[in-house]
Number of protein chains: 2
Amino acid sequence: MTNPTQITAEAGRPFVDIVREFDAPIAAVFRAHTDPELFAQWTGPEQLSVDVKVFDAVTGGQWHYVSTDPAGGTYGFRGVFHTVEHEALIIQTFEFDGAPGQVSMSVARFEETPTGTRISTHTVFPSIESRDGMVATGMEHGATESYRRLEALLERDSVHSA
Amino acid sequence: MTNPTQITAEAGRPFVDIVREFDAPIAAVFRAHTDPELFAQWTGPEQLSVDVKVFDAVTGGQWHYVSTDPAGGTYGFRGVFHTVEHEALIIQTFEFDGAPGQVSMSVARFEETPTGTRISTHTVFPSIESRDGMVATGMEHGATESYRRLEALLERDSVHSA
């Protein structure tokens, strides 16, 4: 069973809100967001491989990864972690090297639920046009597919051992 | 003569735009934003003293300072530098410890003009309410006074020597 990914992108606002629940403990869900080896296994579409260059998931740390498509095309992403609160909160910036200077910032809150873990992510963009551009280029599909892959990863035993 | 500080905060949008020109070379204006000793001399209102704890003004660096008012009250501010491009661009996050979790992000562009330097800063807030709160608590006055103090600092010789 796959849980739904709820995505809200109200017209005329530079925000995207995404809510997703996982039938897995908060420790495992949070670890999949802060451990670079786990993160590389679920972020982005299935057909792209992810090479994590830097991933220092602590307050003040940096992150950088490069995705490669089957044709060899590469897509770089980087940012900084403003806040990482263990099993609670990740605030980070995000920049795609194909759109330099269009930096967004996301606030991801992790909460325990009766059946597992809820992640609520609020992303702010520097303009409504920038937000609309991200939505137009498949942010919804990307988020849904990433979370489907994360769900599958969380069903494997390895993620749950420290 | 004091140059005007142009502040735009359109209703219903989570943005604040500030444009300010200085009759000083871009090297000096930029240095006043990246050198912690200079930064402490102009940021914030005149009656508050600024103690810079961390100020690593490079891409991926952190910053943190504490302001103290005449009554001994303290106000902490911190964030990370997403991008620092020499004499061109500073993208950073900003959080006031009196409003934890209300993180904003600003994009400051530095440009040479016929008479000196223009700084254009676009700040995005996590909500319209958060933006309105910052405007209501004196962001306009704070920016105008900070830039007036920066202008005075730039008139002194010491800032212009490397």
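Exactly one condition in (1) buried (at least 18 other Cβ atoms within 10 Å of the Cβ); (2) modelled with pLDDT of 95 or more; (3) within 15 Å of the chain's Cα centre (by Cα) is false for residue B:134; which is it?
Every condition holds for residue B:134 apart from (2).
Residues of segment B:137-151 being assigned to a helix (DSSP H, G or I) and modelled with pLDDT under 90, which ones?
Hits for segment B:137-151 are B:139, B:140, B:141, B:142.
Inside segment B:42-67, can you point out the residues that are within 14 Å of chain A (Cβ to nearest Cβ) and among the acidic types (Asp, Glu)?
B:56
Do you know which of the residues in segment A:98-116 that are over 15 Å from the mean Cα position of the chain (by Cα) and closer than 26 Å to residue A:25 by Cα is surrounded by the fewest Cβ atoms within 10 Å (Cβ to Cβ)?
Per the stated criteria, the residue is A:114.
Do you know which of the residues in segment A:1-41 that are within 13 Å of residue A:123 (Cβ to Cβ) and of a type in the set (Val, Ile, Thr) is farthest from the other protein chains (Cβ to nearest Cβ)?
A:7
Of the conditions (1) farther than 18 Å from residue A:11 by Cβ; (2) out of contact with any helix residue (DSSP H, G or I) (no Cβ under 9 Å at 6 or more places or on another chain); (3) surrounded by 21 or more Cβ atoms within 10 Å (Cβ to Cβ), residue A:119 clears all except one; give me its number.
It is condition (2) that residue A:119 fails.
List the strands (runs of 3 or more DSSP E) that sit entirely inside segment B:16-97 and contain at least 1 residues that are crowded, with 16+ Cβ neighbours inside 10 Å and among the charged types (D, E, K, R).
Those strands (runs of 3 or more DSSP E) span B:74-85, B:89-96.
Looking at (1) in contact (Cβ under 8 Å) with a residue 40 or more places away in the chain; (2) farther than 17 Å from residue A:103 by Cα; (3) part of a loop (DSSP other than H, G, I, E, B), find the lone condition where residue B:126 falls short.
Only one criterion is unmet by residue B:126, namely (2).
Those residues that are assigned to a strand (DSSP E or B) and either more than 9 Å from chain B (Cβ to nearest Cβ) or modelled with pLDDT under 95 (or both), I need them from segment A:98-108; list them, please.
Matches in segment A:98-108: A:106, A:108.
The values are calculated or read from the model by the stated rules, or taken from the named source; none is laboratory data. As the structure is a computational prediction, the values presented were derived from the model and not from experiment. No Cβ is skipped: glycine too gets one built from the backbone with ideal geometry, and neighbour counts run over all protein chains shown.
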